[in-house]
Structure formats: structure tokens, C-alpha cells
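The values are calculated or read from the model by the stated rules, or taken from the named source; none is laboratory data. A quick note: this is a predicted structure, and the numbers were derived from the prediction, not measured. Note that each Cβ is placed from the backbone with ideal geometry, even for glycine, and that neighbours are counted across all protein chains shown.
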Amino acid sequence: MPQYLDYNATSPVLPEVAEVVHKMMVEEFGNPGSRTHEFGAHAKRVVEKARASVAELVDAKKAEVIFTSGATESNNIAILGLAKYADEVGKKHIITSAIEHKAVLEPCEYLETKGFEVTYLTPGVSGLIDPQELESALRDDTLLVSLMHINNETGCIQPIEHFCELLSFHEAFFHVDAAQSFGKMNAGLENHRIDMISISGHKIYAPKGIGALVTRRRDGLKLPLAPIMFGGGQESGLRPGTLAAPLIAGLGMACQKAKSESFSWKQHAQELKQQMLDFVGQVGGEVIGDNTSPYVINFAIPGVNSEAAMLMLKEVVAVSNGSACTSNSYEPSHVLTAMGLDADRVSGSIRVSWSHLTKEIPVEKMKDKLSVLL
């Protein structure tokens, strides 16, 4: 089997997480909404403990955490959930960027069909959004700014602290898609100028199908979000449906592990990053993007197509050439295209991503496999 190096797409479930999920599935399987017996009461306590664990990582309050099926649903609630309020106050301008995940871009595109105006900021070859561009785009009728923390394709760490500083003088709601940073690189997410944070469990060693949306209160008041689904009133009326207590418990356990171990995880990841930087230099490659996460590298080798490279590497490593969420599409990466990269670099880009579970990267074997293409 090849070595798995596609952690930006998904991560394995940690044994401690799997254990608590299994127990909640086969032994402590009560419905958190059942109030007439101990099975339900116990499940409710587990859910609330997990809610507190999520909140603690970003300095939020337990009541500000809404459980969802993942960051995609969280993004949809954060963006589409403000539409009714936008109509009421007459603010229908949204600022986002051209390098966001499709789970942000497509809800924004939908709102454009409903009379909203969306400004798409572009990053340039650095992959980083210039805070001055954000400042210039702000208007009196700007309702929402939605900008990701770490890009899923390039790993570029966006300057969200600078965004927060700029927005301290504006009333627009600020939403951050933190699917690639929450639990691994939380610095900046604790800033209370961020109104909403989208979280994905399967990026931090919890199961697929669970995530959260942090909805910080403003001056003690809830955000004016309206539900986009109906039927049950769970999660403060914002996200109906029976809570997936086993998955929620797993996310809570993953957050506890992240709280105690994220620093050592990051140190190890940085050592692996240096291995990959050396490898890219040795094969004549070019790193794509600036200020990137220690958990990922996106690179291109001039004259080498990514599909050909991955074919040569498939017996050694499992890597990707774009977002797993759009892997059924053979169109060029919208992220790399928006960065203004030439067609060769776009078609040649390869994303390699790892975690603390990765002992080492088989760079010598990778070089051997790619030698026929160089």
C-alpha cells in the first residue's frame, strides 16, 4: 500500500476517538432529545461536554457552538442564514474571495441570483488576500465578509488578524471557514471580532459527517441567523434533526486531543515540511503560495503534468492535485487560476499533505519514481 499523504482531504479517526464513538453507538445510544430517562440524559451530557470542548479551542462559549454535519453545512448556514436579515435591513453586499472553498462560493453565487451583490477578492501569485483590498471593498451596505483561514489547496495562511483589525471599524459580520486550521492551528480564531467559524471533524481525526458552526454573540445578542432547514428545532432552532451523539462525542474527544497535543503535532509537521521543501528543490520544482501551513505543500515541476506524476507515484504515496470536494471535475483548479498562475503550473500542481501520524515522507522513493519524467 502507498503511504497516505492526502490529509487535507481527510484524516483517519484516532483510536481514542473511535473508542468513544463505538461506545456511544452500541452501549450509550440514547437520544439527547429524550428527557424521560437516563439514556437520553446521559447522551445530552456527552453532547454538552463535547460542545464545551469545541468552544474552548477558539475561546467561545458553549452556547455559541451549533453542531452540523460538517464545514459545508456550517458555511451554508453562515451565509444563507443571513439572507432574511439582509432583506430586513437593506444590506445585500457580501465580500468573499475567489479562492474560497466551493461550499462558500456556491452559496454566494446562489444569493447573487436573489439580488445580492458579491465582491470576489483575488490574491495574486502569493495566494494571500491583501487586507487593503478588503478595506477598499467594504461599503456601508456590506452585510458579510467570508474569508477562509487556511486554503485547502495551497495551505496559504490568510492574515485573519489583520482582517479582524480592519473590521473592528465596520458592522459587517465576519465568517471564517476554518476547516483546515481548527484544532491544528488555532492562532487567530480566538479573536472575538470573528462572528462565525466553520469546523470540520474529519480534518482533525474525528469521523466524517460531523462539524460545527461557532456563532459568537454580539453585545450579548445572538446573531440574526435563520435556519435553512426545518423540522424539530434542535440546536437553538438553527439546525433541526436528531443530534448525532456518537459523532459529536468523537469530535469532542478530537478537540481534547488537539488541546493537549497540537503544539507537538505542529512541530513534527514542520520537520516533515522541511523534508518536502528539500525534495521539491532537488527535483527542480516550484512551491506554490506564500506563508503556508506546516501540514501541506503544493508544488509544480516545470514541464511535468500532475496526472503523469501521480501515476508514477501511485505505488509509493497517495497525493492529490486539487480539492477532494471537486475531484470529479477535470476543470483547472479555481484557486490556482484565481492566483494568476500560468497553465503549466496549474496543470502541474501536486498537493502533498501530512499529519503527526506521518512518521516520515519517502522522498528518495518519490525522486526515483519521478526521475523518468525529469
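Might you let me know whether the range 297-309 holds any residue that is farther than 30 Å from Leu189 by Cβ and touching a Pro at 6+ places or on another chain (Cβ under 8 Å)?
No, there is no match, as no residue in the range 297-309 is farther than 30 Å from Leu189 by Cβ and touching a Pro at 6+ places or on another chain (Cβ under 8 Å).
How many residues does the range 348-368 contain that are surrounded by fewer than 18 Cβ atoms within 10 Å (Cβ to Cβ) and farther than 16 Å from Val296 by Cα?
4
From (1) in contact (Cβ under 8 Å) with a residue 60 or more places away in the chain; (2) at positive phi, pick out the condition that doesn't hold for Gly231.
For Gly231, the failing item is (1).
Residue check: is Glu171 closer than 28 Å to Asp87 by Cα and modelled with pLDDT of 95 or more?
yes
Working only within the range 127-138, note down all residues that are surrounded by 14 or more Cβ atoms within 10 Å (Cβ to Cβ), on the phi < 0 side of the Ramachandran plot and not hydrophobic (A, V, I, L, M, F, W, C).
So in the range 127-138, the residues surrounded by 14 or more Cβ atoms within 10 Å (Cβ to Cβ) come out as 127-131, 133-135, 137-138.
Right, trim to on the phi < 0 side of the Ramachandran plot and you get 128-131, 133-135, 137-138.
Those that are surrounded by 14 or more Cβ atoms within 10 Å (Cβ to Cβ), on the phi < 0 side of the Ramachandran plot and not hydrophobic (A, V, I, L, M, F, W, C): Asp130, Pro131, Glu133, Glu135.
Filter the range 87-100 for residues that are crowded, with 23+ Cβ neighbours inside 10 Å and not hydroxyl-bearing (Ser, Thr, Tyr); which is nearest to the chain's Cα centre (by Cα)?
Per the stated criteria, the residue is Glu100.
Got a number for residues in the range 238-265 being small (Gly, Ala, Ser) and either without any contact (Cβ under 8 Å) to a residue 24 or more places away in the chain or in contact with a Leu (Cβ under 8 Å, 6 or more places away or on another chain) (or both)? Please lay out each step first, then the result.
Kept after step one, since they are small (Gly, Ala, Ser), are these residues of the range 238-265: 241, 244-245, 249-250, 252, 254, 258, 260, 262, 264.
Then keep just the ones that are either without any contact (Cβ under 8 Å) to a residue 24 or more places away in the chain or in contact with a Leu (Cβ under 8 Å, 6 or more places away or on another chain) (or both); that gives 241, 254, 258, 260.
So the count comes out to 4.
Identify the single condition in (1) crowded, with 22+ Cβ neighbours inside 10 Å; (2) farther than 18 Å from Ile350 by Cβ that Lys259 does not satisfy, given that it satisfies every other one.
Evaluating Lys259 over (1) crowded, with 22+ Cβ neighbours inside 10 Å; (2) farther than 18 Å from Ile350 by Cβ leaves (1) as the failure.
I'm trying to understand the selection: among the residues of the range 125-180, which are among the polar types (S, T, N, Q) and farther than 19 Å from His192 by Cβ?
Passing the criteria: Ser126, Gln132, Ser136, Thr142, Asn151, Asn152, Thr154, Gln180.
Checking Tyr120 against (1) assigned to a helix (DSSP H, G or I); (2) within 17 Å of His149 (Cα to Cα); (3) among the aromatic types (Phe, Trp, Tyr), only one condition comes out false. Which one?
Just one mismatch for Tyr120, condition (1).
Among what's in the range 223-256 and is outside any helix (DSSP H, G or I) and of a type in the set (Gly, Ala, Ser), pick the residue that is surrounded by the most Cβ atoms within 10 Å (Cβ to Cβ). Break it down stepwise before answering.
Step one: list which residues in the range 223-256 are outside any helix (DSSP H, G or I), which gives 223-244.
Then drop every residue that is not of a type in the set (Gly, Ala, Ser), which leaves 226, 231-233, 236-237, 241, 244.
On the way: Ala226: 13, Gly231: 8, Gly232: 14, Gly233: 13, Ser236: 14, Gly237: 14, Gly241: 15, Ala244: 20.
Restricting to residues being outside any helix (DSSP H, G or I) and of a type in the set (Gly, Ala, Ser), the top hit is Ala244.
Going by the conditions given, is Glu100 closer than 26 Å to Thr10 by Cα and assigned by TED's automatic domain parsing to the domain that holds Val145? It would help to see each step written out before you state the result.
On the way: closer than 26 Å to Thr10 by Cα: yes; assigned by TED's automatic domain parsing to the domain that holds Val145: yes.
So Glu100 passes the test.
Lys369 versus (1) closer than 16 Å to Met310 by Cβ; (2) assigned to a loop (DSSP other than H, G, I, E, B): which is the lone unmet condition?
Among (1) closer than 16 Å to Met310 by Cβ; (2) assigned to a loop (DSSP other than H, G, I, E, B), Lys369 violates only (2).
For the range 64-81: of the residues being surrounded by 24 or more Cβ atoms within 10 Å (Cβ to Cβ) and of a type in the set (Ser, Thr, Tyr), which is farthest from Pro107 (Cα to Cα)?
Thr68
Output the residue which, of all residues in the range 151-178 that are part of a loop (DSSP other than H, G, I, E, B) and aliphatic (A, V, I, L, M), is farthest from Met339 (Cα to Cα).
Among those that are part of a loop (DSSP other than H, G, I, E, B) and aliphatic (A, V, I, L, M), it is Ala172.
Pull up the range 179-222, narrow it to residues that are among the polar types (S, T, N, Q) and assigned to a loop (DSSP other than H, G, I, E, B), then point me to the one that is surrounded by the most Cβ atoms within 10 Å (Cβ to Cβ).
Initially, the range 179-222 is screened for residues among the polar types (S, T, N, Q), giving 180-181, 186, 191, 198, 200, 215.
Those still in the list that are assigned to a loop (DSSP other than H, G, I, E, B) too: 180-181, 186, 191.
Values: Gln180: 27, Ser181: 25, Asn186: 18, Asn191: 19.
Among those residues, the one meeting the criterion is Gln180.
Every residue, every condition in (1) assigned by TED's automatic domain parsing to the domain that holds Lys314; (2) touching a Lys or Arg at 6+ places or on another chain (Cβ under 9 Å); (3) not in a helix (DSSP H, G or I), yes or no:
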residue: Val21; (1), (2), (3): no, no, no
residue: Gly30; (1), (2), (3): no, yes, yes
residue: Gly33; (1), (2), (3): no, yes, yes
residue: Phe39; (1), (2), (3): no, no, no
residue: Arg45; (1), (2), (3): no, no, no
residue: Glu48; (1), (2), (3): no, yes, no
residue: Ala55; (1), (2), (3): no, yes, no
residue: Asp59; (1), (2), (3): no, no, yes
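Could you tell me whether Lys84 is part of a loop (DSSP other than H, G, I, E, B) and either in the same structural domain as Gly241 (by TED's automatic domain parsing) or surrounded by 20 or more Cβ atoms within 10 Å (Cβ to Cβ) (or both)? Reasoning before the result, please.
Numbers: part of a loop (DSSP other than H, G, I, E, B): no; either in the same structural domain as Gly241 (by TED's automatic domain parsing) or surrounded by 20 or more Cβ atoms within 10 Å (Cβ to Cβ) (or both): yes.
In short, no.
List every residue pair whose Cβ atoms sit under 6 Å apart, with the two residues 6 or more apart in sequence or on different chains, where the first one lies in the range 266-279 and is closer than 18 Å to Ser181 by Cα and the second, anywhere, is surrounded by fewer than 12 Cβ atoms within 10 Å (Cβ to Cβ) and among the acidic types (Asp, Glu).
Partner pairs satisfying both residue conditions: none exist.
Please go through the range 184-210 and pick out each residue that is in contact with an Asp or Glu (Cβ under 7 Å, 6 or more places away or on another chain) and in contact (Cβ under 8 Å) with a residue 60 or more places away in the chain.
Here is the first cut: in the range 184-210, the residues in contact with an Asp or Glu (Cβ under 7 Å, 6 or more places away or on another chain) are 188, 190-191, 198.
Within the range 184-210, Glu190, Ser198 meet the criteria.
Can you name every residue in the range 47-63 that is under 16 Å from Arg216 (Cβ atoms) and crowded, with 22+ Cβ neighbours inside 10 Å?
Of the range 47-63, the ones under 16 Å from Arg216 (Cβ atoms) are 51-52, 54-63.
Residues satisfying the conditions are Arg51, Val54, Leu57, Val58, Ala60.
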